Amino acid sequence: MSTTPTLTLTPAKSIEEMLASPSVQVAFSFFDSQQEEITEEQVRICSIPAPPFDEKKRAEYLRLKFSQLGLEDAQIDEEGNCLALRRGRLLSPLLVVSAHLDTVFPPGTDFTVRRLGNKLLAPGISDDGCGLVALLAIAQALDTARIVTEGSILFVGTVGEEGAGNLRGVRYLFGKGEWASRIDAFISFDGGGVDRITNGALGSRRYRVRLRGAGGHSWADFGVSNPIHALGRAISRLASYPAPKRPRTTFNVGRIEGGSSVNAIPGDAVMEVDLRSASEHELLRLDAFFRRAVREAADEENATRRKDDLPLELNLQLIGERPSGETPADAPIVELAKQATRALGFTPRLDQASTDSNVPISLGIPAITLGGGGSSGNSHTIDEWYDPSDREIGLKRALLVILGMVRIKGGEEKGET
């Protein structure tokens, strides 16, 4: 693995010098003057459907835009991620700047963007239309300002960040991808906001529980083991779990289905469950409790079945596991983000969440997730909205952090030696 990048200046001094750089001010002016164009690009991106495991059209669009911006070797890798390199004077330090391509919404969802005053309304307009357009805006600002960097920037649109995607894109990037062993630091842009700095990786485990039985008539076959009744027993047990508030620990039954009629004992039932905790220890405790609760619920339902009836068949499948960890609050990349936030007039807020940064953090690679500016709400619903007001502040903060990591050569122009 590559070595952690070393900053030659303190984060505060680095931000101060960048703010005084004429080329950085040119880039800032680009963000200020191109606000409408950036918003229109976000609308175009969001209008391209990207349901789970089907992000190809959006990835192809991003690859085309990367090529038009003059980034090197714009391509789509074997997992479906879209990558392009902005080469510095040296390849190292290599900073990944990313956003995720996928949405949580299934095929057939209407992604048409509507406007209500200054708000944009559409599924995925913020999560992560805001992050994806930030990649393009930052790349274009760097080019417009002809900024030369010492290190290099790898722009990446990842697949599989949401739900059952289980971070498959970023796992591939750091596992089997072409750049896997050369990445020194990682920044992802996810949603809006200008003060949040996600340096904590929120661990989670996700399960699909399936119970199969003989089924039958609700009257004539009463006493046959009922898979939905068993799931109900398991849910009741989970709902009674004394989840601690600190460290925050949560559980959720997000989906349940089964059966064919009100007067038929179902032969099959499924539920999907999400377990999370800010503490790996608490997550393991909750995980063990849940698995035991499911087994006991199935056993209890089977114990009531009629003589000679077949018992329920239980299948408990782990469908998602996200690693936990933390980029220390005093790490250079976090300090840069804090200083940049303060310099732009906001109070930084350290945060813990489940994002693409979970993977590099778990590998010991400095990583954070930032908002792309503006404000948003109703994420993961069809009523999701994004307000681009003050988006330029988030983009300016992002640029300062990026340049702090790869080091700007002040006053020099792109292509000079």
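The values are calculated or read from the model by the stated rules, or taken from the named source; none is laboratory data. Here the structure is a predicted model, which means the values were calculated and not measured. Positions of Cβ are backbone-derived with ideal geometry, glycine not excepted, and every protein chain shown enters the neighbour counts.
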Scanning segment 63-83 for residues that are under 20 Å from the mean Cα position of the chain (by Cα) and not in a helix (DSSP H, G or I), the one nearest to PHE155 (Cα to Cα) turns out to be LEU83
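Residue-by-condition table, conditions (1) part of a loop (DSSP other than H, G, I, E, B); (2) over 30 Å from ASP308 (Cβ atoms); (3) in contact (Cβ under 8 Å) with a residue 40 or more places away in the chain:
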| position | (1), (2), (3) |
| --- | --- |
| LYS245 | yes, yes, no |
| THR250 | no, yes, no |
| ILE256 | no, no, no |
| MET271 | no, no, yes |
| LEU275 | no, yes, yes |
| HIS281 | no, yes, no |
| ALA288 | no, yes, no |
| ARG292 | no, no, no |
Report task. Taking PRO266 as the residue in question, decide whether it is modelled with pLDDT under 95 and touching a strand residue (DSSP E or B) at 6+ places or on another chain (Cβ under 8 Å). Result -> no
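Grab the strands (runs of 3 or more DSSP E) fully contained in segment 300-410, keeping just those with 2 or more residues being surrounded by fewer than 23 Cβ atoms within 10 Å (Cβ to Cβ) and not aromatic (Phe, Trp, Tyr).
Hits in segment 300-410: 313-322, 349-353, 375-377.
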The correct count of residues that are farther than 22 Å from GLU60 by Cα and under 24 Å from the mean Cα position of the chain (by Cα) in segment 129-151 is 0
Original post:
Can you spot a residue in segment 248-265 that is in contact with a helix residue (DSSP H, G or I) (Cβ under 8 Å, 6 or more places away or on another chain) and over 30 Å from GLN352 (Cβ atoms)?
Top reply: yes
Exactly one of ASP128, ASP143 is within 17 Å of SER375 (Cβ to Cβ) and either buried (at least 24 other Cβ atoms within 10 Å of the Cβ) or out of contact with any helix residue (DSSP H, G or I) (no Cβ under 6 Å at 6 or more places or on another chain) (or both), and that one is ASP128
When every residue in segment 202-235 that is more than 11 Å from ASP268 (Cα to Cα) and β-branched (Val, Ile, Thr) is compared, the one surrounded by the fewest Cβ atoms within 10 Å (Cβ to Cβ) is ILE235
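From the list VAL24, VAL96, which residue is in the same structural domain as HIS380 (by TED's automatic domain parsing), in contact with a Gly (Cβ under 9 Å, 6 or more places away or on another chain), under 25 Å from PHE186 (Cβ atoms) and surrounded by 18 or more Cβ atoms within 10 Å (Cβ to Cβ)?
Selected residue: VAL24, the only one of VAL24, VAL96 that is in the same structural domain as HIS380 (by TED's automatic domain parsing), in contact with a Gly (Cβ under 9 Å, 6 or more places away or on another chain), under 25 Å from PHE186 (Cβ atoms) and surrounded by 18 or more Cβ atoms within 10 Å (Cβ to Cβ).
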The lone condition GLN75 fails out of (1) modelled with pLDDT of 95 or more; (2) under 22 Å from ILE147 (Cα atoms); (3) of a type in the set (S, T, N, Q); (4) surrounded by fewer than 20 Cβ atoms within 10 Å (Cβ to Cβ) is (2)
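Does PHE155 satisfy being out of contact with any Phe, Trp or Tyr (no Cβ under 7 Å at 6 or more places or on another chain) and not polar (S, T, N, Q)?
no
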Pairs returned, first residue in segment 17-41 that is more than 12 Å from ILE147 (Cα to Cα), second residue that is assigned to a helix (DSSP H, G or I) and β-branched (Val, Ile, Thr), beta-carbon separation under 7 angstrom, 6 or more apart or interchain, are PHE30/THR144; ILE38/VAL133; GLU41/VAL133
Filtering strands (runs of 3 or more DSSP E) wholly in segment 85-142 for at least 2 residues that are touching a strand residue (DSSP E or B) at 6+ places or on another chain (Cβ under 8 Å) and basic (Lys, Arg) gives 114-116
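For the structure I just gave you, tell me whether GLY157 is in a loop (DSSP other than H, G, I, E, B), modelled with pLDDT of 95 or more and touching a helix residue (DSSP H, G or I) at 6+ places or on another chain (Cβ under 7 Å).
Numbers: in a loop (DSSP other than H, G, I, E, B): no; modelled with pLDDT of 95 or more: yes; touching a helix residue (DSSP H, G or I) at 6+ places or on another chain (Cβ under 7 Å): yes.
Spelling it out, it is not the case that GLY157 is in a loop (DSSP other than H, G, I, E, B), modelled with pLDDT of 95 or more and touching a helix residue (DSSP H, G or I) at 6+ places or on another chain (Cβ under 7 Å).
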